[in-house]
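Remarks on the structure that follows.
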Amino acid sequence: MESLATILPASAMAEEPKDMPDADLPGSRRPDAVVRPGATEDVAALMEWATREGVGVLPIGSGRRAHPVRGDGRFVVLRTDGLAGLETYEAADLTLSAGAGTPFGTVAAALAENAQWAPFDPPRIDQRSLGGLVANGLSGPLHMGYGELRNHVLGLTVVTGDGRTLRLGGRVVKNVAGFDLLKAVVGSRGSLAIITSVVLRAFPVPPVDRTLYVEGATVGELLKHALEVGTAPVLPASSVIVDALAAAGGRPALVVRLHGAEATVAADQRRLEEHVGLTFRVDSGVDHAGVRDHASLGDVLLAASARPSRLGAVLDALDALTPTALSVDSYGGRVRAASAVPTGEVIDSVRSRIEDVGGALRLFAPSMDGRAAELSTRPRPGEQALVEGLRSAFDPGGVLWPARF
Amino acid sequence: MTEPLPAALVRQLRSTVGDDHVITDPNRLLVYESDGLSAYRVRPRAVVLPASTEEVAEVVRVLHAAEIEIVPRGAGTGLSGGALPTPDGVVVGTARMNRVLEIDARDRIARVQPGVVNARLTDATRPHGLYYAPDPSSQSTCTLGGNVAENSGGPHCLKYGVTTRYVTGLTVVLAGGEVVRLGGAGREVADGLDLVGLFVGSEGCFGIATEIEVRLLPLAEGVRTLLGIFDTMEAAGHAVTSIIASGLMPAAVEIVDKATIRAVEASVFAAGYPTDAGAALVIEFDGTEEGLDADADRAEACCLAAGAREVRRARSEEERLGLWKGRKKAFGAMGRIAPDLLVQDATVPRTRLPEVLAKITEIGVRYDLQIANVFHAGDGNLHPNLLFDRADPDQMARVEAASHEIMSLCVDVGGTITGEHGVGVDKRGYMTLVHNEVELDMLRRVRRVFDAEGLFNPGKVIPDEEIDAVAGVGAS
Ligand SMILES: Cc1cc2nc3c(=O)[nH]c(=O)nc-3n(C[C@H](O)[C@H](O)[C@H](O)COP(=O)(O)OP(=O)(O)OC[C@H]3O[C@@H](n4cnc5c(N)ncnc54)[C@H](O)[C@@H]3O)c2cc1C
């Protein structure tokens, strides 16, 4: 590790690995070094070194959900919080760029000053770094009205596993100059490249953000309503079922958000109620962060997906895990559940029931060691071959994929 | 120059797709010599028209074994030479793969073959109250396969986003004939990478899409269409900036300039735009009926504040089509004032539009070329159309030089060399304006992940590859 100090400025040598808090790397071995580069060039130097020396690199933005490291190879933790700060903000063009380590809250606050925002709401977004959000690629229920996170990322600066710096995309909303490598990096969870800077598309804050909800005895009963919302002639900004809504006294509820001008929102609510055949309660006091983060903490988190009409079967399958918390984004066909640590056999059977209806299951469970990934739905063989090909194109030395070190 | 295919190979292809669907007769090959960028022409060795994924796979297998290049082709409306044949290659066309395979109104998903024409998909889903959002101006002829390959946009992509936002799954045939399913609604959380997003926009260089799954949207209930008439292009550009910055979310904001207005008004497509106007702006809002008038009022105010001399508002569907006419018929009208038309395509940050348009005018004057602008202004996606006569080599050289200057200009203000038409053969030479050698090398590496030998659409997108394709090409 000594040679590391010769390629990075002293300011980038963050801390003694032993000082790194456990919470930052749950279930993992301690790293051999922790670095905190302040510029893309430093990241490039680090990655070139890592590939040459055969040392693994684990990027950490906010620290949450990092992959535990289990193998016995040497590895370095790369903290991206040194790559923080707004770079440009062209409010009139609705574009903003910032270092990958910038806390999302900083971005949101800058946008808010111009009555703009970034319309995605994955769990715990306020605790995440911009690069971490992009690496995870999760959109949250607002994808219903605004599209997926990947469509809001206009450009990225990334460093490949072997230290090549690539600028992907750009600063404009339409751009087809070359293959869309940006899409491969969004959601790649650190397996292809280190993201050092992000260009985001901003949106005007809607004049009215109305929250409607309806309570139900069970999530299954609410699913029927949610599916109706998904076939209504108006498209809400989001629609999500949680199995316990504080505003509804902890009962299950379907929460729908409508965005637009006052007249539009009022009319949309009427159309929706006519179509679904029920009356919503209007509540501006609903805790959006609570809804957004529901079922995102626990020993074991499960993400399941299926086409909306198959979600009933997915919920039935998940029942076997007696989830402690459940959230359903029916338009996106996504279910999130938290549960106690299940046995492999239970997961296997839940997963195959979900796969039988064309769906997929993914497990996040630091305490389950490597088994969480093995128990998740794998890409099809043809997809897997392409995934591996892309990994070696981006990271020929295999230093970015913690399963390997 | 083009070598005929060996007879045994032709027999093999015929036994796969049927005798009528392997074209080798030079007269019938003529229509496949170019796409919408007609300045480039190359005769392919043959055209094969398979009808199913299995047939595509078998055709690709046979051609791959014989090491013959494959150029995928949809309707051939592409404007960057993406479907331009190679002299040693065979065109694989999707014309017979034109079936809508599934419409699931509950899940708002449609599955189609790649040869389905864009507008036909919406025709098929409209009875369910649904439509397919991306609407290239060529939508009555271009195919979904071509849209996927180019990541096409359209006037209403301002509000709704381009093709990539709507493609949820693909079945693709890769080099060697392997059939691979990528993604699919319901598989969001499967561990892996966004291969669907990567394939969209791959310009026929990764493989052939043989099935496409897309997300549908509910039809908008109401629509309001405005036509703003401006004395200068600059004023129209300012109106665009102020509409977007005001927080309004128009479905479309399109500009036609003075040269275009005059061409349209002098043609059979005359739309009633004033011929002394400097620019016209078509603005459309859609969605819930209530609220649309207020949006239209605000947009009208933005236009007037920016100096519009007049703002018309459609009161009926007929009037709406009338307001759109000058925009929609622009290309047809230009065809009548010059023998050849080069439709350029570039994107700039929209606040830079007024300045960039002024400089493009200046470039036109300097090279003594007529340039007519008609474009997706809300997205900053420019289409400067260069009018010329291919028979005049001096004009050809000036078109080339002016195009290069326009591209450099757009890149210099923070834009890019293509917003929706793709790189194809036409923009390969400009790729170095936006990508360095490391990035170009990465594009090559990623392409090899899908197609190790580079048999799919060689000579497209990436500069400096072995380019037989361009040998003997007319334009450059
Ligand atoms: C008048 C006019 C207006 C236009 N307006 C717009 C517009 O508003 N927005 C816009 O984005 N474009 C526009 N275009 C450009 C063009 O229509 C689009 O690029 C369209 O998507 C091309 O579709 P196509 O079926 O004609 O494809 P082709 O031209 O046949 O092929 C285009 C590319 O796709 C590849 N390809 C085709 N099918 C497949 C497949 N199944 N699998 C893999 N690769 C395939 C080809 O190899 C080629 O590289 C316009 C063109 C014209 C002539």
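For the stretch B:18-26, what does the Karplus curve 6.51 cos²θ - 1.76 cosθ + 1.60, with θ = phi - 60°, yield as ³J(HN,Hα) per residue in whole Hz, taken in order and with x for Gly and Pro?
For the stretch B:18-26, the Karplus curve yields x, 4, 6, 9, 10, 9, 10, 5, x Hz.
Average partner chain C-beta neighbours within 10 Å, per residue of A:82-94?
The shielding value for this peptide is 2.
At q = 0.09, 0.10, 0.12, 0.14 Å⁻¹, what log₁₀ I(q)/I(0) does a Debye calculation on the Cα points of chain A give, no solvent, two decimals?
Ignoring solvent entirely, the Cα scatterers give -0.57, -0.70, -1.01, -1.31.
Kirkwood-based Rg over Rh for the stretch B:7-93 (C-alpha set), two decimals?
My calculation of the ratio gives 0.95.
Have a look at the stretch A:281-322 and report residues whose accessible surface goes down by 40 Å² or more when the remaining protein chains are included, against the chain on its own, probe 1.4 Å, ligands and DNA/RNA excluded.
Residues meeting the cut-off: A:305, A:307, A:309.
Given the peptides A:206-212, A:148-154, A:255-261, arrange them by the average over their residues of other C-beta atoms within 10 Å, most packed first.
Most protected by this proxy first, the peptides run A:255-261, A:148-154, A:206-212.
With a 1.4 Å probe on protein heavy atoms only, work out how much accessible surface A and B bury together, total over both chains, in Å² to the nearest 100.
6600 Å²
Counting only other chains, what is the mean number of Cβ atoms within 10 angstrom of the Cβ of each residue in peptide B:200-207?
The mean count of partner-chain Cβ atoms within 10 Å per residue comes to 3.
Could you give the length gained on full extension between residue A:208 and residue A:367, defined as 0.36 nm per residue of separation minus the Cα-Cα distance, in nm?
53.0 nm
Per residue of B:380-386, how many C-beta atoms from partner chains lie within 10 Å of its own C-beta, taken as a mean?
Going residue by residue through B:380-386 and averaging, the value is 1.
Which of the three applies to the stretch B:222-332, rounded, prolate or oblate, going by the alpha-carbon gyration tensor with a ≥ b ≥ c and a/c under 1.5 meaning rounded?
In terms of gyration-tensor shape, oblate.
List the extent of the Cα atoms of the stretch B:100-218 along each of their three principal axes, largest first, rounded to whole Å.
Sorted largest first, the three principal extents are 38, 29, 25 Å.
Considering the alpha-carbon set of the stretch A:295-376 alone, what are its Rg and its Dmax in angstrom?
Computed over the Cα atoms of the stretch A:295-376, radius of gyration and Dmax are 11.3, 33 Å.
Hey, what D do you get for the stretch A:250-405 in µm²/s if you plug the Kirkwood alpha-carbon radius into Stokes-Einstein at 20 °C and 1.002 mPa s?
117 µm²/s
Hey, how many Å between the Cα centroid of the stretch B:304-368 and the Cα centroid of the stretch B:90-163?
26 Å
Stretch residue B:336-residue B:317 to full length: gain in nm at 0.36 nm per residue minus the Cα-Cα span?
Value of the extension gain: 4.1 nm.
As an exercise, take the mean of 1/r over every pair of distinct alpha carbons in the protein assembly as shown, invert it, and state the Kirkwood radius in angstroms.
With all distinct Cα pairs of the protein assembly as shown included, I get 28.2 Å.
Treat each spin label as a single point 7 Å out from the Cα along the C-beta direction, and report the residue B:270 to residue A:108 distance in nm.
5.8 nm
Can you give the FRET efficiency to the nearest 0.05 for residue B:436 and residue A:90, using r as the Cβ-Cβ distance and R₀ = 25 Å?
0.60
At 222 nm, what value in deg cm²/dmol follows for the protein assembly as shown if DSSP H runs of at least 4 each add -39500 (n - 2.57) and the sum is divided by all its residues, to the nearest 500?
-9000 deg cm²/dmol
Quick one: which residues, 5+ away or cross-chain, put their amide H under 5 Å from the amide H of residue A:325? H built at 1.01 Å from N.
Answer set, sorted by chain and number: A:338.
Just want the answer: with Cβ charges of +1 for Lys and Arg and -1 for Asp and Glu, which residue in B:153, A:75, A:115 is farthest toward the dipole's positive end in the protein assembly as shown?
B:153
If you place +1 on the Cβ of every Lys and Arg, -1 on the Cβ of every Asp and Glu, and leave all else neutral, what size is the dipole of the stretch A:208-292 about its Cα centre, to the nearest 20 Debye?
That gives a dipole near 60 debye.
Residue A:11 versus residue A:115, label points 7 Å from Cα toward the beta carbon: distance in nm?
In this crude spin-label approximation the distance works out to 3.9 nm.
Which of the lysines could a cross-linker bridge to residue B:359, judged by Cα under 26 Å and excluding same-chain residues fewer than eight apart?
Reachable lysines: A:174, B:258, B:328, B:329, B:427.
If you count only protein heavy atoms with a 1.4 Å probe, what accessible area per residue comes out for the protein assembly as shown, rounded to a whole Å²?
35 Å²
Any idea how far apart residue B:231 and residue B:105 come out in nm if each label point goes 7 Å out from Cα toward Cβ?
Placing both labels 7 Å beyond Cα along the Cβ direction yields 5.3 nm.
The values are calculated or read from the model by the stated rules, or taken from the named source; none is laboratory data. Bear in mind that the values here come from a model prediction, so they are computed numbers and not experimental data. Reconstructed Cβ throughout: ideal geometry from the backbone, glycine too, with neighbour counts over all protein chains shown. Areas reflect the complete protein model, heavy atoms only, side chains present, ligands, DNA and RNA absent. Shrake-Rupley method; radii C 1.70, N 1.55, O 1.52, S 1.80 Å.
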